[in-house]
Amino acid sequence: MKKPTRILTLTALAVASMMAFAGCSSAASADTAGDPTGGTPATELRLGYFANITHAPALIGLQEGIFQKALGDTALTTQTFTAGPAAIEALSAGAIDATFIGPNPSINTFIQSGGVSARIVAGATIGGAALVVRDGISSPSDLKGTTIATPQLGNTQDVALRSWLKEKGLATDTTGGGDVHITPTENAQALTLFRDGQIDGAWVPEPWASRLVLDAGGTVLVDEAELWPGGVFPTTVLLVRTDYLQAHPQTVAALVQGDLDAIAWIVEHPDTAGAQINARLAADTGKGLSDAVLTRALAQVSFSADPHAETFQTLVDHGRQAGTQKSGSIVGLFDLRPLNGLLQQRGAPSVSAAGLGEQ
């Protein structure tokens, strides 16, 4: 298999933090990270994630046993989701304690709960989302009257599509009407519908964008990286229930350590990371990706524990433009004390909450 080309092309912060954390003692870090002045280690941590390339740190953290090693005696159980709003429902219901998830559902739950539901404690993945369309569509004007899929109403790609269409003068609504008909569809079903000609395209995360291109003959109309300064936008962050964070700060710090160690593992194993990511995808879905799809998908993403809080006000604005999000403040959304406590121990630069929470 051709070596993925972008695993090593990380932000400067990512490189610094990965190297600093390799081999770090998780137990020692968890005792002093963030503000663990109260509470107790949890007996269990229930973690959500998606079987997507954009969740590669979660996939590697599970495949290589990295999370369980960091958590020590805390039992780890997992649950997979196909889109962010469904994961938020589980988090809000207390069915899971933390989840890897896109930024827009994280914003939505925070605003809808009046700022009490959850906190972003780390980042995971940058990039890896695109609008892939059929032949005959080569410009925004060609989209009028078409049907485009997104993973779920209000998820990060759904918001990105609606916001981009509005900027191009194309109207949408949350019931599938407007100039472009947006249909929330699970990614696997969207691939089937696209192959069958029943939809005209989809704005999806990796590996689904690559599957639409390589397995279904689509072309990329919009690479979302082109819409952000320097191509940097968060696709996946690590979100924790606020009450769990307050009760078990040591356990959350250990989970963040696992995130960092998983990212470090990807960086340190460029020749085998793809195969191990694919092994976890196969375990979760029953089938892995082709070498061509895996290589292309990995080339679209990079991995960093920095959640890039500085982008979140723009994401809020996008959600409002899209009509999928209520107005409200996101001050307090981030608690980066566990992450920055670990960074400080290793002499690495801290990451910024951009005035939107603790750091």
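Search segment 265-281 for residues that are crowded, with 16+ Cβ neighbours inside 10 Å and pair each with any residue that is acidic (Asp, Glu) when their beta-carbon atoms are under 8 Å apart and the residues are at least 6 apart or on different chains.
Listed by first residue and then by second, the contacts come to 265/64; 276/64.
Taking the stated definitions as given, is residue 157 surrounded by fewer than 24 Cβ atoms within 10 Å (Cβ to Cβ) and either free of Cβ contacts under 8 Å to residues at least 24 places away in the same chain or among the polar types (S, T, N, Q) (or both)?
When the stated conditions are applied, residue 157 does not pass them.
One line per residue, one yes/no per condition, for (1) under 20 Å from the mean Cα position of the chain (by Cα); (2) part of a helix (DSSP H, G or I); (3) under 30 Å from residue 74 (Cα atoms):
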site	(1), (2), (3)
292	no, yes, no
310	yes, yes, no
332	yes, no, yes
343	no, yes, yes
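Just for segment 206-221: of the residues that are touching an Asp or Glu at 6+ places or on another chain (Cβ under 9 Å) and buried (at least 17 other Cβ atoms within 10 Å of the Cβ), which one is nearest to residue 153 (Cα to Cα)?
Taking the candidates together, the pick is 209.
Here's a check for you: in segment 320-347, which residue that is charged (D, E, K, R) and at pLDDT below 95 is farthest from residue 244 (Cα to Cα)?
320
Do we find a residue being modelled with pLDDT under 95, of a type in the set (Val, Ile, Thr), within 27 Å of residue 187 (Cβ to Cβ) and in a loop (DSSP other than H, G, I, E, B) anywhere in segment 11-30?
yes
Tell me, please, whether a residue that is touching a residue at least 40 places away in the same chain (Cβ under 8 Å) and among the polar types (S, T, N, Q) can be found in segment 209-218.
The answer is yes, given that some residue of segment 209-218 is touching a residue at least 40 places away in the same chain (Cβ under 8 Å) and among the polar types (S, T, N, Q).
For (1) of a type in the set (Asp, Glu); (2) open to solvent by less than 10 Å² (accessible area, probe 1.4 Å); (3) more than 30 Å from residue 210 (Cα to Cα), each residue gets a yes or a no:
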{"position": "53", "(1), (2), (3)": "no, yes, no"}
{"position": "66", "(1), (2), (3)": "no, no, no"}
{"position": "89", "(1), (2), (3)": "yes, no, no"}
{"position": "105", "(1), (2), (3)": "no, yes, no"}
{"position": "113", "(1), (2), (3)": "no, no, yes"}
{"position": "126", "(1), (2), (3)": "no, yes, no"}
{"position": "133", "(1), (2), (3)": "no, yes, no"}
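This table checks each residue for (1) surrounded by fewer than 16 Cβ atoms within 10 Å (Cβ to Cβ); (2) out of contact with any Leu (no Cβ under 8 Å at 6 or more places or on another chain); (3) acidic (Asp, Glu); (4) free of Cβ contacts under 8 Å to residues at least 24 places away in the same chain.
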residue: 291; (1), (2), (3), (4): yes, yes, yes, no
residue: 301; (1), (2), (3), (4): no, yes, no, no
residue: 307; (1), (2), (3), (4): no, no, no, no
residue: 315; (1), (2), (3), (4): no, yes, no, no
residue: 318; (1), (2), (3), (4): no, yes, no, no
residue: 326; (1), (2), (3), (4): yes, yes, no, no
residue: 354; (1), (2), (3), (4): no, yes, no, no
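Among 179, 158, which is the only one that is more than 20 Å from the chain's Cα centre (by Cα) and among the charged types (D, E, K, R)?
Residue meeting the stated conditions: 179.
Of (1) more than 23 Å from the chain's Cα centre (by Cα); (2) among the aliphatic types (A, V, I, L, M); (3) not in a helix (DSSP H, G or I), residue 148 satisfies all except one. Which?
(1)
Within the group 295, 251, which residue is out of contact with any strand residue (DSSP E or B) (no Cβ under 7 Å at 6 or more places or on another chain) and of a type in the set (Ser, Thr, Tyr)?
295
I'm trying to understand the selection: among the residues of segment 222-244, which are open to solvent by less than 40 Å² (accessible area, probe 1.4 Å), more than 15 Å from residue 156 (Cβ to Cβ) and not small (Gly, Ala, Ser)?
Those that are open to solvent by less than 40 Å² (accessible area, probe 1.4 Å), more than 15 Å from residue 156 (Cβ to Cβ) and not small (Gly, Ala, Ser): 240, 241, 242, 244.
The values are calculated or read from the model by the stated rules, or taken from the named source; none is laboratory data. Fair warning: this is a prediction, and the values are worked out from it, not measured in the lab. Positions of Cβ are generated from backbone atoms using ideal geometry, with glycine treated the same way; all protein chains shown enter the neighbour counts. What goes into the accessible areas is simple: the full protein's heavy atoms, side chains included, and nothing from ligands, DNA or RNA. Shrake-Rupley method; radii C 1.70, N 1.55, O 1.52, S 1.80 Å.
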